[in-house]
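Structure, as C-alpha cells:
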Amino acid sequence: MPELTLNNGVTIPQLGFGVFQVPAEETQRVVEDAFEAGYRHIDTAAAYRNEAGVGAAIAASGIPREELFITTKLRNGEQGEAYDAFQRSRDALGLEVIDLYLIHWPVPSQGLFTQAWKEMEKLYQDQHIRAIGISNFLSDHVDTLLKEAEVVPAVNQIEVHPTFQQGDLATKCRDLGIAVEAYSPLGQGKDLNAEQVALVAAAHGTTPAQVILAWHLAQGTIVIPKSADSTRMRENFGAADLSLTESELAAITALEAGARIGSDPAVAAFTQL
C-alpha cells in the first residue's frame, strides 16, 4: 500500500477505509473485514457514533498498534471543549494515541474553530495525537486558521470525486503543505456510471470503483472509500495496484461538473450532537 508523508514526517497509508454511516452494532465486524482485506488506515468520527466498534475491532485484531493508522474527528458542537471531546474519543477507541485528529467542519457561524485548533495543538504537543488536521475547510477558513495557528494542518479532508474536484482548494492546500484527503471519493456511487470510467475499467479489466480510486491515488490524494461488503472492500483495495495512463487520467478529470453532494461548508452549522 502506498504511503504519503505528512508535513510533520508522519506517514499515512494513502488508501484507507471509512466507516461513515456504518451502524454501531455492525462496525466491529465491518472493520475486522477491512483489516482482513488489507486495510490498515481506518477513518471514523465522534459524530458517526461508532468509535467504540472501531476500537473493539482493533483490540480483537491482534495487529500491532504501530501498523495501524486511526483517524477520528471533533464534533461541531464540541469545538468549545476540544480537549475533553478528544479524551472521550480516545476512551471510546481504547487508544492512548490517535494518529490523526480533525476538526470535522469549520462551522464559521460559531467562530470557534481557531479556539478548537489551539486545544488540538496542545494535545499534539503533548504527544496524544501524531498529527492534527481539518475537514471541510474552504479557502477562507484555511486562511483564518493559519493566521492564528502555530502548527500547519497536516490534512484537509474534503469532498472530492470526479464530478466535484475542488481543484483550486486542493492545489492551495498542497502548496501550503496540507495533504488532501478525499471523502465520498466515488461520488457516493454516482460517478461510477460515467462512460469514461466504464471505458477505462473495460480496458484494464477492473471495476469502475478501482478506476476512480486509482485516479485519486495518482494525484497524491489520500482516499477513504467505504463498503460493508467484504468483496467490494477487497476490490477497492486492489486500486493500489492499478496504474492509469495520462490520457485515462485526463478523461476522468474532464468529468468535473461542480456536483457537490454533501453540505456546503460555508454555511453548514449542524451540531452533530
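Every read-out reported here was derived from the displayed coordinates using simple, explicitly stated rules and does not represent laboratory data. As the structure is a computational prediction, the values presented were derived from the model and not from experiment. Methodologically, a virtual Cβ is constructed for each residue, glycine included, from the backbone with ideal geometry; neighbour enumeration extends over all protein chains shown.
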Looking at (1) among the aliphatic types (A, V, I, L, M); (2) buried (at least 17 other Cβ atoms within 10 Å of the Cβ); (3) under 28 Å from residue 74 (Cβ atoms), which one does residue 201 not meet, given that it meets all the others?
(3)
Those residues of region 87-122 that are over 21 Å from residue 17 (Cα atoms) and buried (at least 20 other Cβ atoms within 10 Å of the Cβ) come to a total of 6
Among (1) touching a Phe, Trp or Tyr at 6+ places or on another chain (Cβ under 7 Å); (2) buried (at least 20 other Cβ atoms within 10 Å of the Cβ), the one test that residue 151 misses:
(2)
Since residue 39 meets every condition but one in (1) buried (at least 17 other Cβ atoms within 10 Å of the Cβ); (2) closer than 22 Å to residue 128 by Cα; (3) touching a residue at least 60 places away in the same chain (Cβ under 8 Å), which condition does it not meet?
(2)
In contact with a strand residue (DSSP E or B) (Cβ under 7 Å, 6 or more places away or on another chain), farther than 30 Å from residue 127 by Cβ and either in contact (Cβ under 8 Å) with a residue 40 or more places away in the chain or aromatic (Phe, Trp, Tyr) (or both) - does that describe any residue in region 191-198?
yes
Look at region 55-86 and say how many of its residues are loosely packed, with under 14 Cβ neighbours inside 10 Å and β-branched (Val, Ile, Thr).
1
Can you pull out the residues in region 63-78 that are more than 21 Å from residue 15 (Cα to Cα), out of contact with any strand residue (DSSP E or B) (no Cβ under 7 Å at 6 or more places or on another chain) and not basic (Lys, Arg)?
76, 77, 78
Does region 173-185 contain at least one residue that is aliphatic (A, V, I, L, M) and more than 22 Å from residue 103 (Cβ to Cβ)?
no
Limited to region 220-235, what total is found for residues that are surrounded by 16 or more Cβ atoms within 10 Å (Cβ to Cβ) and either within 15 Å of the chain's Cα centre (by Cα) or over 21 Å from residue 3 (Cα atoms) (or both)?
8
Residue satisfying all of: in region 1-16; assigned to a loop (DSSP other than H, G, I, E, B) and of a type outside the set (Gly, Ala, Ser); surrounded by the fewest Cβ atoms within 10 Å (Cβ to Cβ) among these:
2
